[in-house]
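I have placed the structure first, in the form of structure tokens, so that the comments after it can refer back to it.
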Amino acid sequence: MFRTVVTDRIVTAAGAALFSEGRSTLSPARLDAILGKIARFLGVVPRQLDPKLITTWLEEPGNELVDRLSNCVGPREVISAIDELALKQDSLAVAARCAFRFRDAAPPEAYAAAAREGYWVYLQAATVDTLEEAVEAVRAIPGREPVFGDPFRIGLPDEALQFKTAGPDERALILYTLLQFSPTLSEEEKSSITLSAGKGGWAVQVGTRRLEGTEL
């Protein structure tokens, strides 16, 4: 059994309260509201989170996204609020779209970099010696639905391999990652392989051959 024996802070998108240091960037009203939710969930507010411990209030300007989301009802309103504020270059909204894995939240190269942190795709690549073997490995994934069930969101290769399903763009990403992890390709060959987005979706360019995610 594991127990949390020390709790000294509350961290939220709107700010944080560090009770052991006696300071908070959450306003007293917002902190009270959070402590109220904790009390309703636990039945008590831990004594380490006593607001009387806060002696320095460094309230920061409220974030518009946090305020908007607190009034949203259902996923559609949340997504709409995030999209609207991301267009205004709200940094938290832009980051939220990346965290939610919207396909257009970042260029394919960003998802490719994240994919290379995977473990299962790394193991799968050890069995791939040629481009054709990599293509067959991707085509062997039985499910054709995107990992999140949404063509506008991107699941990483490890997720696709574990859930045994992948949409077209995810298949292109898996192929690209397998080739980048291939033990038989040279670094020069790997550097010439690209993952790009086009009107038909993502595709992998290997030399003169272009492999669309829709054909994998």
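The values are calculated or read from the model by the stated rules, or taken from the named source; none is laboratory data. The structure presented is a predicted model; accordingly, all values stated were derived computationally and were not measured. Neighbour counts are summed over all protein chains in view; Cβ atoms, including those assigned to glycine, are modelled from backbone coordinates with ideal geometry.
So here's what we get for this one:
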| read-out | value |
| --- | --- |
| Subset of the stretch 23-79 that is touching a strand residue (DSSP E or B) at 6+ places or on another chain (Cβ under 8 Å), part of a loop (DSSP other than H, G, I, E, B) and of a type in the set (Val, Ile, Thr) - its residue that is nearest to Arg97 (Cα to Cα) | Thr25 |
| Check on Gln162, in contact with a helix residue (DSSP H, G or I) (Cβ under 8 Å, 6 or more places away or on another chain), under 22 Å from Gln205 (Cβ atoms) and either buried (at least 18 other Cβ atoms within 10 Å of the Cβ) or in contact (Cβ under 8 Å) with a residue 12 or more places away in the chain (or both) | no |
| Every residue from the stretch 101-139 that is surrounded by fewer than 16 Cβ atoms within 10 Å (Cβ to Cβ) and either within 23 Å of Ala197 (Cβ to Cβ) or in contact (Cβ under 8 Å) with a residue 60 or more places away in the chain (or both) | Asp104, Pro107, Glu109, Ala110, Ala113, Arg116, Glu117, Arg139 |
| Per-region count, the stretch 91-134, residues aliphatic (A, V, I, L, M) and either in contact with a strand residue (DSSP E or B) (Cβ under 7 Å, 6 or more places away or on another chain) or under 25 Å from Glu64 (Cβ atoms) (or both) | 11 |
| Extreme residue, surrounded by the most Cβ atoms within 10 Å (Cβ to Cβ), among residues of the stretch 30-52 that are of a type in the set (A, V, I, L, M) and under 14 Å from Ala16 (Cβ atoms) | Leu31 |
| Residues of the stretch 64-91 classified as surrounded by 18 or more Cβ atoms within 10 Å (Cβ to Cβ) and either touching a residue at least 40 places away in the same chain (Cβ under 8 Å) or on the phi > 0 side of the Ramachandran plot (or both), total | 1 |
| Filtered residue count, the stretch 80-115, keeping only those that are under 30 Å from Ser191 (Cβ atoms) and either in a helix (DSSP H, G or I) or hydrophobic (A, V, I, L, M, F, W, C) (or both) | 18 |
| Matching entry among Leu173, Leu195, Leu211, Leu185 (being assigned to a helix (DSSP H, G or I) and among the hydrophobic types (A, V, I, L, M, F, W, C)) | Leu173 |
| Matching entry among Val128, Val135 (being assigned to a loop (DSSP other than H, G, I, E, B), aliphatic (A, V, I, L, M) and either at pLDDT 95 or above or on the phi < 0 side of the Ramachandran plot (or both)) | Val128 |
